[in-house]
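Read the structure below first, then the notes.
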Amino acid sequence: MNAPLSPGLYIVATPIGNLGDLTPRAASVLSHADVLCVEDSRVTGKLLNHLGVKRSMTNYHDHNADAVRPGLVARMGSESVALVSDAGTPLISDPGYKLVRDARAAGHNVVTVPGACAAIAGLTLAGLPTDRFLFGGFLPVKAKAKADAIAELAHVPATLVFYESGPRLGATLAALLNVLGDRDAAVARELTKAYEECVTGTLTDLAARYTDAPPKGEIVVLVGPPAVREVAIDSDAALREALTRLSVGRAASEVADATGLDRRTLYARALELKGAA
């Protein structure tokens, strides 16, 4: 990609630790884009120094996105605009989706340049089911809000993936254990860096390990899906709640989507519950 870039938006994944993970295509886009949208110009500046290039940078983050976005979208009509986060794939746990949405609405070309992503890297190391997974981002900090957020995901039949910081890891693992019960889990940290590690075990094991010994670095927490029996036992409660709001058919569909259970079986059970009410 040595030719000038066509106008539009380029979503560029950057390394999450090891600079060797920057793809040649990403390096080329970063070297030739008219402007880079960055979370922190100091962080992206180090990456540009590694590449030996200088490019125009515009800060784009939670605090200024609404004010900056219209001007960036306007520039895409005649310039190439590359969006990067401090590390990993943009739009994963950051506000970039609104820029993509508005660029598309304006009729501009949108191109993805994939690469590293901490959530996916953690999944590959954890040894937990990967056929279905749900990315939960960062859980709330306050205990009640955190427990409520976890409870919303308790019956999702998939591996759960969260981002977390070292100081909050112990409290998060304890909350996951309290709400979800003792599932298989993993804590992956320092991914792609010299001290990369992935510690596996039950939530009980991991909560005990990290309660008084918070680790350093950026962390991915992964929790295995609920047992089939656990989902089946709780489906009656879910059906009863759904039937207070929905018809039998819609209640069965909603619970089927949430639990992965067979809709026809749930429909028959919903009819029984409604008849007994």
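No value in this document is a laboratory result; all are computed from the given coordinates. Owing to the predicted nature of the structure, the values given are computational and were not obtained by experimental measurement. Here the Cβ positions follow ideal geometry from the backbone for every residue, glycine too, while neighbour counts run over all protein chains shown.
What's the Kirkwood radius of the stretch 1-83 in Å, using all Cα pairs?
Kirkwood hydrodynamic radius for the stretch 1-83: 13.1 Å.
Could you tell me the calculated FRET efficiency between residue 178 and residue 244, based on Cβ-Cβ distance and R0 = 25 angstrom, to the nearest 0.05?
The computed FRET efficiency comes out at 0.40.
Give me a comma-separated list of calculated 3J(HN,Hα) values for the stretch 161-175, in order, Karplus coefficients 6.51, -1.76, 1.60 applied at θ = phi - 60°, integers in Hz, x for any Gly or Pro.
Per-residue couplings from phi come out as 10, 10, 9, 7, 9, x, x, 9, 4, x, 5, 5, 5, 5, 5 Hz.
Given an 8 Å cut-off on Cα distances and at least 6 residues of separation, report the relative contact order of the stretch 39-186 as a percent.
Once normalised by length, the contact order is 18 percent.
With N residues in the stretch 228-276, what two-decimal value do you get for its Cα radius of gyration over 2.2 N^0.38 Å?
0.96
Find me the longest stretch of the chain that has none of the exposed trypsin sites (Lys or Arg not before Pro), where exposed means in a DSSP loop (not H, G, I, E or B) with at most 12 other Cβ atoms within 10 Å.
Here the longest run is 55-131.
Set the Förster distance to 25 Å, then compute FRET efficiency between residue 193 and residue 63 from the Cβ-Cβ distance, nearest 0.05.
0.35
Report, ordered by chain and residue number, the lysines lying within cross-link reach of residue 54, taken as a straight Cα distance under 26 Å and ignoring same-chain residues fewer than 8 apart.
Once the sequence-local lysines are set aside, what remains near residue 54 is 46, 193.
Quickly rank 79-85, 175-181 as a protection proxy: mean count of other C-beta atoms within 10 Å, highest first.
Sorting 79-85, 175-181 by mean packing, highest first, produces 79-85, 175-181.
Please give me, ordered by residue number, the GluC sites (Glu not before Pro) of the stretch 163-215 that lie in loop per DSSP and have at most 15 other Cβ atoms within 10 Å.
Listed in order of number, the matching sites are 196.
For the stretch 86-103, in order, what is each residue's ³J(HN,Hα) by Karplus, 6.51 cos²θ - 1.76 cosθ + 1.60 with θ = phi - 60°, in whole Hz (x at glycine and Pro)?
Per-residue couplings from phi come out as 4, 7, x, 8, x, 6, 8, 6, 8, x, x, 4, 5, 5, 5, 4, 6, 5 Hz.
What is the helix-to-structure angle for 248-259, meaning the angle in degrees between its Cα long axis and the longest Cα principal axis of the chain, kept from 0 to 90 and rounded to the nearest 10?
For helix 248-259, the angle is close to 60 degrees.
May I ask you to order 124-130, 61-67, 156-162 by the average number of other C-beta atoms within 10 Å around their residues, highest value first? Mind dumping the intermediate values first?
Details: 124-130: 16.3, 61-67: 11.7, 156-162: 21.1.
Sorting 124-130, 61-67, 156-162 by mean packing, highest first, produces 156-162, 124-130, 61-67.
Relative to the longest principal Cα axis of the chain, at what angle does helix 65-75 sit, 0 to 90 degrees, rounded to 10?
Tilt of helix 65-75: around 50 degrees.
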